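Visitor: This is the structure, below, for whatever I ask next.
The values are calculated or read from the model by the stated rules, or taken from the named source; none is laboratory data. Keep in mind the model is a prediction, meaning the values are calculated, not measured. As a convention, Cβ positions derive from the backbone with ideal geometry for all residues, glycine included, and neighbour counts pool all protein chains shown. Side chains are part of the model used for accessible areas, which takes the heavy atoms of the whole protein and leaves out ligands, DNA and RNA. Shrake-Rupley method; radii C 1.70, N 1.55, O 1.52, S 1.80 Å.
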Amino acid sequence: MSAATPTRRDGLHARLRMATDPAHQALEAGLDWRARVASRAGYRDLLARLHGFHAVWEAAIGAQLSDEPFLGPRRRLALLVADLDHLGLTPATVAALPRPAPVILDGPAAAMGALYVLEGSTLGGQLIGRHIAGLHGFGETGLAYYRAHGPRAGAMWGAFRLRLEDFAADPVAEATLTAAAVATFAAMRDWLCTAPAAD
Ligand code: HEM
């Protein structure tokens, strides 16, 4: 993260990154991902938890963004389903996995803020994916969620950042987007880092 405080001339992305940095750090610290993916069962349980989050938040984002050509390639719920299948969960078990309560986002700016969190997680996810591949020997299958966009990661992130700037002209939209990103980080931390209830 840049140490300098971004100004309006830096662009929305720089300001958003700075505003969400504490939330990213808190999630990264709370996740304890190395310990959680150390065993195959732990990795499966983390994916099962991510499944619930993506199921609810991708639906909420889709409802407000109303732009499937943009969102579709960024949806990763199906990748989680494929990985969980590879790890031995039946379709019925996957369908019955716990989910957070439904979420309603406040329009397209909020949807972009929430999507920033999910899409940004593909960046650190590259590192996590390589670690899991080395540990458990997964190739093409079993790691689809963390492989995410694969060789297209840079292009997908570049296009996403460009799209963020559409909201920079309107300070109200930017505030809504930023608040939604912070709230999404917090919701993800609650969902992933709090011990799941017996369900
Ligand atoms: C599910 C939890 C996580 C979420 C939601 C998340 C979210 C994000 C977001 C939104 C960004 C983009 C920052 C920007 O605007 O440039 C990002 C970048 C990054 N994250 Fe995470 N992150 C998560 C977990 C992690 C973990 C556990 C690590 C540590 C391995 C990590 C390492 C990174 C790194 C290194 C970048 C910068 C990548 C780059 O600039 O090329 N993240 N993450």
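Visitor: Is there any pair with a first residue in the range 126-146 that is closer than 18 Å to Leu77 by Cα and a second that is assigned to a loop (DSSP other than H, G, I, E, B) and more than 16 Å from the ligand (Cβ to nearest atom) whose Cβ atoms are under 7 Å apart and which are 6 or more apart or on different chains, and what are they?
Guide: Gly142/Leu87
Visitor: Right, here's the next one. Looking at Ala181, Ala186, which one is more than 24 Å from Pro73 (Cβ to Cβ), modelled with pLDDT of 95 or more and within 14 Å of the ligand (Cβ to nearest atom)? Talk me through it step by step, then tell me what you get.
Guide: Working: Ala181 fails: more than 24 Å from Pro73 (Cβ to Cβ).
It is Ala186.
Visitor: Quick one: which helices (runs of 4 or more DSSP H) sit completely within the range 97-199 and have at least 3 residues that are over 21 Å from Arg34 (Cβ atoms)?
Guide: Values: elements: 107-136, 144-147, 153-164, 171-193.
Of the helices (runs of 4 or more DSSP H) lying wholly inside the range 97-199, those with at least 3 residues that are over 21 Å from Arg34 (Cβ atoms) span 107-136, 153-164, 171-193.
Visitor: Name the residue, out of Leu123, Leu118, Leu97, that is at pLDDT 95 or above, within 8 Å of the ligand (Cβ to nearest atom) and open to solvent by 20 Å² or more (accessible area, probe 1.4 Å).
Guide: Leu123
Visitor: Let me ask another. Of the residues that sit in the range 34-52 and are open to solvent by 30 Å² or more (accessible area, probe 1.4 Å) and not basic (Lys, Arg), which one is nearest to the ligand (Cβ to nearest atom)?
Guide: Taking the candidates together, the pick is Ala35.
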